[in-house]
Ligand code: SF4
Ligand code: SF4
């Protein structure tokens with residue numbers, strides 16, 4: 001038994017065979033047997049224990065070993081993945097392995113683009129590089145997009161230097177230029193990259209769909225490519241994520257709302273919890289929609305600069321809609337309660353949206369929050385009080 | 001981004017023109033076109049456009065720019081406040 005173990009141990013110590021061996025296989029098409037016809041034979045790059053990713057087309061042999069060549073057209077699995085991530089499903093783990101990839105047929109003079117290993121960042125880049133030959137250096141930003149990763153310090157000077165060394169980039173290209181997305185400048189110091197690796201950083205455009213023009217323009221970015229935008233579409237794609245972030249807390253608040261709505265002259269009433277709870281739940285929902293959907297979408301058209309104020313405005317509008325829709329069941333005091341609650345909820349959520357915008361300064365957000373949070377808290381307290389008091393008043397009338 | 005303006009007079013951005021060599025790095029990294037190079041010196045064109053991302057200060061080769069960088073995100077700031085008051089020990093304030 002012991003001998004056997006030693007023997008197998010020794011065999012594991014040997015150099016693993018990385019090169020695929022081709023042994024001619026019998027052609028399965030002639031054997032008429034069970035099941036559907038056999039598929040194509042396994043490709044030379046399939047290895048036991050590894051799965052070839054759908055976006056990898058083939059491999060390019062280089063000085064530093066094989067480099068995966070990726071497709072520029074998104075496949076079905078890419079599209080499904082994108083939709084899921086946009087809806088907030090599994091958004092914390094949508095990444096690809098860091099390292100060197102390539103697109104088209106690059107040679108030692110082709111440009112090197114650097115990006116994050118968040119799959120959406122990578123997918124947009126390769127799509128926008130259609131018909132271009134380039135190297136793509138993917139950093140380990142822990143699956144976070146370029147902008148957030150630069151802020152968090154995972155898209156960093158050290159990470160760029162580490163990947164240059166790890167992939168032996170200097171043996172693959174003979175020039176010494178790297179194109180980095182401009183938004184990574186928050187985390188990357190061009191001077192330090194140059195000092196440590198010899199590679200000069202060229203700041204590419206903010207949006208990858210300007211990248212072809214940038215390449216044609218001799219690696220010079222026009223002012224408009226250097227400036228961030230926050231278009232309707234860019235705001236629209238953020239909405240599902242904003243909503244998915246509030247759902248969990250919203251359910252707890254809903255429970256509280258139902259309990260509070262049941263409080264009345266008879267201490268607690270199930271029927272009132274349901275009938276009045278329905279109205280309060282509608283108010284909560286409209287406050288959420290106002291703050292997490294309407295504010296992002298209509299951002300530039302809502303008056304005032306502070307997000308909490310924009311949120312309060314949309315919240316009051318949404319609250320009025322609820323009041324009018326359910327007019328017959330709502331008295332004056334509860335109207336005040338509803339409007340205060342929708343305004344506070346919407347204001348708070350809108351304030352949270354600052355984190356997703358590319359133009360709010362932390363000093364500004366902090367200043368706004370110091371004023372807004374006490375007001376939001378007061379609005380909630382007065383709103384709840386009005387809601388409960390109303391239940392007693394109504395009882396008195398009928 | 002002239003279309004989007006946030007609060008005025010809050011940014012911590014500061015430029016020391018004495019030190020500036022006019023290399024143009026700040027102009028090319030700023031996503032809000034805050035800087036312009038004029039007569040071989042950087043000039044702040046639009047102070048209130050600054051979102052304090054820190055890209056300029058991080059890339060100025062002579063450290064002529066200072067700014068307190070961070071993400072303008074309410075959730076992040078709340079967590080930082082909680083940490084200050086000792087209510088929360090978790091050091092990982094999460095944002096985007
Ligand atoms: S990066 Fe620094 S040295 Fe260069 S222009 Fe800007 S302020 Fe001046
Ligand atoms: S901190 Fe960012 S937004 Fe502000 S001036 Fe510097 S690069 Fe521009």
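Residues in region B:38-55 that are within 13 Å of ligand 1 (Cβ to nearest atom), more than 8 Å from chain A (Cβ to nearest Cβ) and within 23 Å of residue B:5 (Cα to Cα): B:42, B:43, B:44, B:45. Residue B:21 falls short on exactly one of the conditions (1) loosely packed, with under 14 Cβ neighbours inside 10 Å; (2) within 11 Å of chain A (Cβ to nearest Cβ); (3) within 12 Å of ligand 1 (Cβ to nearest atom), and that condition is (2).
Kindly provide the set of residues from region A:204-220 that are part of a loop (DSSP other than H, G, I, E, B) and either in contact with a helix residue (DSSP H, G or I) (Cβ under 6 Å, 6 or more places away or on another chain) or not assigned by TED's automatic domain parsing to the domain that holds residue A:110 (or both), ordered by number.
A:205, A:206
All told, residue A:295 falls short of being away from chain B (no Cβ under 14 Å), in a helix (DSSP H, G or I) and under 13 Å from residue A:342 (Cβ atoms).
If you go through region A:104-118 and keep only what is out of contact with any helix residue (DSSP H, G or I) (no Cβ under 6 Å at 6 or more places or on another chain) and buried (at least 20 other Cβ atoms within 10 Å of the Cβ), you end up with A:106, A:111, A:112, A:113, A:114, A:117, A:118.
The requirement of being in contact with a strand residue (DSSP E or B) (Cβ under 7 Å, 6 or more places away or on another chain), surrounded by fewer than 20 Cβ atoms within 10 Å (Cβ to Cβ) and within 30 Å of residue A:113 (Cα to Cα) is not satisfied by residue A:213.
Conditions (1) within 16 Å of ligand 1 (Cβ to nearest atom); (2) modelled with pLDDT under 95, marked per residue:
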{"position": "A:160", "(1), (2)": "no, no"}
{"position": "A:163", "(1), (2)": "no, no"}
{"position": "A:173", "(1), (2)": "no, no"}
{"position": "A:179", "(1), (2)": "no, no"}
{"position": "A:183", "(1), (2)": "no, yes"}
{"position": "A:186", "(1), (2)": "yes, yes"}
{"position": "A:194", "(1), (2)": "yes, no"}
{"position": "A:199", "(1), (2)": "no, no"}
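Can you find a residue in region A:153-168 that is touching a residue at least 60 places away in the same chain (Cβ under 8 Å), assigned to a helix (DSSP H, G or I) and surrounded by 17 or more Cβ atoms within 10 Å (Cβ to Cβ)? Looking through region A:153-168, at least one residue is touching a residue at least 60 places away in the same chain (Cβ under 8 Å), assigned to a helix (DSSP H, G or I) and surrounded by 17 or more Cβ atoms within 10 Å (Cβ to Cβ). Out of all the residues in region B:20-28, is one or more within 24 Å of residue A:356 (Cα to Cα), near ligand 2 (Cβ under 7 Å from one of its atoms), under 9 Å from the mean Cα position of the chain (by Cα) and touching a residue at least 24 places away in the same chain (Cβ under 8 Å)? The answer is no, given that none of the residues of region B:20-28 is within 24 Å of residue A:356 (Cα to Cα), near ligand 2 (Cβ under 7 Å from one of its atoms), under 9 Å from the mean Cα position of the chain (by Cα) and touching a residue at least 24 places away in the same chain (Cβ under 8 Å). A single entry from A:346, A:363 fulfils the requirement of being away from chain B (no Cβ under 11 Å) and part of a helix (DSSP H, G or I): A:346. So is residue A:262 more than 13 Å from chain B (Cβ to nearest Cβ) and closer than 30 Å to residue A:383 by Cβ or not? Yes; evaluated as a whole, the condition is true for this residue.
Take the residues in region B:56-88 that are within 16 Å of ligand 1 (Cβ to nearest atom) and assigned to a loop (DSSP other than H, G, I, E, B), then tell me which one is nearest to the other protein chains (Cβ to nearest Cβ). Filtering first and then ranking leaves B:61.
The values are calculated or read from the model by the stated rules, or taken from the named source; none is laboratory data. A quick note: this is a predicted structure, and the numbers were derived from the prediction, not measured. Counting neighbours? That spans all protein chains shown, and the Cβs are built from the backbone with ideal geometry, glycine included.
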